[in-house]
Amino acid sequence: MSYKVLLPQPILPDGDDFLLKHGFEIVRGRGFTEEDIIADIADCDAMIVRTAKITARILDAAKKLRIIARHGAGYDGVDLEAAKKHKVLVTTAGGANAISVAELAVFYMLYCSRRFKAVMNHCMEDYRYAKMGIRKTELEGKTLGLIGTGNIGRLVAKKAHFGFDMEVLAYDPFAREVPDYIRLVDDRDEIFRTGDYVSLHVPATKETIHSVGEHEFSLMKKTAFLINTARGSVIDEPALIRALQENKIAGAGLDVLEKEPFDPEHPLLHMEHVLVAPHIGGATLEASTRSSVACAKAIDDFFSGRTPEFIVPELRELL
């Protein structure tokens, strides 16, 4: 029997090749809107999801679906209650994009430290001001504060400490042990009070959504930068906008906003001390290749009677 795997969006050839080599039939979807997926899903046993939102309506229509493999580390775009109701397992490509996201977090730190957006905005009209009048700083010797010490957070810490001789503090109530170049703190507020750069590395959950807001910004140094390569919903965006407008913090590097695709009129897109990108953290060739293969392998493991490596914790009871 050949199991059918729906791809609402293409994956990289390595993932396709893995599925075909292991006897799966690939169903190339007509698109990744809710209606597109509902039209394609009825006869499919598995699905690999990139940016599509998987709603209760989709899962109601997925009569044969047994597993969803998320092409990334996050899974907040999948209705887990509906998945549980229909006994559909959900996996992630845990760790596959960690290097790419960690590198991007460091890039945002560098970009912010040199005030690159402001420099480029002014360099043609006032070269001397752009060169000398805009305050620019080094990463060397600064303090990095991490919220979350998973795969990505630890890689950011490693690159910051060994690459730039930064002191690294972290808050993570779930961390049992960390490398010796990370100093765990028990007081979450200490991260915001102390960090010259505060980098967020937590999933979007009931506990973390809007968990970085007015209180946290009031603690931060006026010279500090906020970096977010996790999920936009972790930040209270109106509070961040106010903090930036009132110069309570120096700026921000944001790979994510709460609503994606972005509203072109969003205030954060038009601030000189803020860099925003359209969620490109894991969008490298290498990370996408690893994610595609990881998703294909999870599906093969499941239908071969093996336990997939990265199962969403809320759904482990389905095994």
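Dividing the convex hull volume of the alpha-carbon atoms in the stretch 1-80 by its residue count gives 83 Å³ per residue. Taking all Cα-Cα distances within the stretch 246-296, those exceeding 15 Å account for 57%.
Of the Cα atoms belonging to the chain, the radius of gyration and Dmax stand at 21.2, 70 Å.
In straight Cα distance, which lysines are under 26 Å from Lys248, not counting same-chain residues fewer than 8 positions off? Within reach: Lys117, Lys131, Lys136, Lys142, Lys221, Lys222, Lys259. For the chain, the mean residue ellipticity at 222 nm estimated from helices alone is -9500 deg cm²/dmol, where every DSSP H run of n ≥ 4 contributes -39500 (n - 2.57) and the total is divided by all residues, rounded to the nearest 500.
Where does helix 151-164 land angle-wise versus the long Cα axis of the chain, in degrees 0 to 90, nearest 10? Helix 151-164 sits roughly 30 degrees off the main axis of the chain. Would you kindly calculate the translational diffusion coefficient of the stretch 3-139, applying Stokes-Einstein with the Kirkwood radius from alpha carbon pairs, for 37 °C and a viscosity of 0.692 mPa s, and quote it in µm² s⁻¹ without decimals? It diffuses with D of about 185 µm²/s by this estimate. Please state, as a whole number in µm²/s, the translational diffusion coefficient that the Stokes-Einstein equation yields for the stretch 98-276 at 25 °C and 0.890 mPa s, with Rh defined as the Kirkwood radius across alpha carbon pairs. Rounded to a whole number, D works out at 150 µm²/s.
Volume per residue for the stretch 66-181 equals 145 cubic angstrom (convex hull of Cα atoms).
Along its principal axes, the stretch 183-225 has C-alpha extents of 29, 24, 15 angstrom, given from the largest down.
Please report, to one decimal in angstroms, the Kirkwood hydrodynamic radius of the stretch 9-51 built from all distinct Cα-Cα pairs.
Answer for the stretch 9-51: a Kirkwood hydrodynamic radius of 11.2 Å.
If you run the Gaussian network model on the chain, springs between alpha carbon atoms under 10 Å, then out of Gly251, Gly23, Gly195 the most flexible one is Gly23.
Rule-based calculations on the coordinates, nothing more; no lab input. From a predicted model like this one, the values you see are computed outputs, not experimental measurements.
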